[in-house]
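Only one structure is covered here, and it is reproduced in the block below.
FYI, it's all coordinate maths here, none of it is from the lab. Just so you know, these numbers come straight off a predicted model, no measurement behind them. Methodologically, a virtual Cβ is constructed for each residue, glycine included, from the backbone with ideal geometry; neighbour enumeration extends over all protein chains shown.
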Amino acid sequence: MSKRVALTGNEAVAHAMRQINPDVVAAYPITPQTDIVQYFSQYVADGKVKTEFVTVESEHSAMSATIGASAAGARAMTATSSQGLALMWEMVYITASFRLPIVMPVVNRALSGPINIHCDHGDSMGARDSGWIQLYSEDAQEVYDNILQAIRIAEHPDVMLPVMVCQDGFITSHSLENLLIEDDDFVKAWVGDYRPDRYLLDLSKPLTMGALDLADYYFEHKMGQAMAMRGAGKVVEDVAHEFAKRTGRKYGFFEEYRLDDAEVAVVVLNSTAGTARPVVDSLRADGVKVGLLKPRMFRPFPAQEIAGALEHVKAIGVMDRAESLSGIGGPVFPEIRSALYDACERPAVVNYVFGLGGRDMGPRQLKQIYEELVRVAKTGKCERLVTHFGVRE
């Protein structure tokens, strides 16, 4: 039975973790993620979970301890942001290569330097090719629901890969919102008991982890990871379908908003999608055919499905809250362009890098982007492939 409560995004994550009741949580505080482990540690202190909570000296140690627990057969979780994710970098890759189903909330924050504690997506986007499934969350409701689904996705026998559940630092993590939460019995039944097929403490099935893996087998092991990631999309879809049947809240690889007959569209992750919807409605009221696509699953990247949703659009603005420093904009942009490469009538696709270090993106700025896209759609020409939108010249 669902009930409506007011929680911040971080409280929603901690509440979901309490309901999941993982065997081990190893974590280190970092703004703006700190609330998650603070709230959860209080649940541990109050005896509301049976979790072994490991306080460590760094994020590298947090992921190391979480790996050890998961490899031993425990359901294990951690959480981080920004420099914390960067500090655990080595272990992030090891987690995926060991095929450990760890779920990690990531509260998106700009990377140093200079030091900045506010939101952009540079941290999780930097880890996009590390072998982790990535789910992005617009609001507290979605981050709560994504955490519950992530456990089922990660632990599915056809997947066995770690999952990052991302939300925007401060914008979502510290904003109080109304959301529906499920009761504890529902969540307990939903996640079930974790019974791994192979783990280090199972003496009947000896297992080695961390062995030297040279040219004779390394390639095959990486291929196994790639195949698991390729097949994970179906599991994400199946889990979302079951979640919708149980809760009435529907999720997919992405959300389309007024996109069916749109002539121009914006593609944007997380909380900015919520800002864009009223802009779409306002422009629609003026007779302008605009739409929105909000990716939820960024890894594995659903290229074919996104192409099907966007190929009829004349001009697309891909909005990146991260700069890849590649010379051609942000990380989402080349993925969308590549997905549309084989479209019968390839749309014009341009990039807007925005909001770095927490700079605001409001309705007025989004309207300006849509108006620029309308001009591109009419003329078939764009002045710039990549625009750093909102930067002071």
inquiry  = With 10 angstrom as the radius, rank GLU177, GLU383 by how many other C-beta atoms surround their C-beta, starting from the fewest.
reply    = GLU383, GLU177
key: Residues CYS166, CYS119, CYS344, CYS382 arranged by fewest to most Cβ contacts within 10 Å   = CYS344, CYS382, CYS166, CYS119
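For the range 68-214, rounded, prolate or oblate, judged on the Cα gyration tensor with a ≥ b ≥ c (square roots of eigenvalues), a/c < 1.5 rounded, else prolate if a/b > b/c? Don't skip to the end; give the middle numbers.
On the way: a/c = 2.75, a/b = 1.27, b/c = 2.16.
Oblate shape, in that a/c is at least 1.5 and b/c is the bigger or equal ratio.
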query = Do the sum for the chain: with -39,500 (n - 2.57) for every DSSP H run of n ≥ 4, divided by all residues, what is the mean residue ellipticity at 222 nm, to the nearest 500 deg cm²/dmol?
reply = -12500 deg cm²/dmol
message = Once you place label points 7 Å from the Cα toward the Cβ at LYS234 and GLU52, how far apart are they in nm?
response = 3.6
inquiry  = On a full-extension model of 0.36 nm per residue, what is the gain between ASP184 and ASP202, subtracting their alpha-carbon distance, rounded to one decimal in nm?
reply    = 3.5 nm
query = ARG364 versus LYS222, label points 7 Å from Cα toward the beta carbon: distance in nm?
reply = 4.9
remark   = With the label point 7 Å along the Cα-to-beta-carbon line of SER112 and a cut-off under 19 Å to each amide N, the hits in the range 144-181 are 169-170
query = Cα centroid distance between the range 335-378 and the range 1-72, in Å?
reply = 37
task = Find out how many positive minus negative residues lie around GLY317, taking Lys and Arg as positive, Asp and Glu as negative, among other residues whose Cβ is under 11 Å from that of GLY317.
result = -3
remark   = Binned at 5 Å starting from 0, the alpha-carbon pair-distance distribution of the range 141-183 in whole percents comes out as 5, 20, 24, 21, 15, 10, 5, 1
task = Compute the long axis of helix 363-379 from its Cα atoms, compare it with the longest principal axis of the Cα atoms of the chain, and write down the angle in degrees, 0 to 90, nearest 10.
result = 60
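Decide, for the range 297-393, between rounded, prolate and oblate: order the square roots of the alpha carbon gyration tensor eigenvalues as a ≥ b ≥ c, take rounded if a/c falls under 1.5, and otherwise choose prolate if a/b is larger than b/c, else oblate.
On the way: a/c = 1.84, a/b = 1.25, b/c = 1.47.
Taking the square roots of the gyration eigenvalues as a ≥ b ≥ c, the range 297-393 is oblate.
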inquiry  = How charged is the neighbourhood of LEU111? Take every other residue with its Cβ under 9 Å from the Cβ of LEU111, and add Lys/Arg as +1 and Asp/Glu as -1.
reply    = -1
message = Using the Cα centre of the chain as the reference point, and only Cβ charges (+1 on K/R, -1 on D/E), how large is the resulting charge dipole? Debye, rounded to the nearest 20.
response = 520
query = Hey, if you put +1 on the Cβ of every Lys and Arg and -1 on every Asp and Glu Cβ in the range 115-164, which of ALA140, HIS156, ILE115 ends up farthest toward the positive end of that dipole?
reply = HIS156
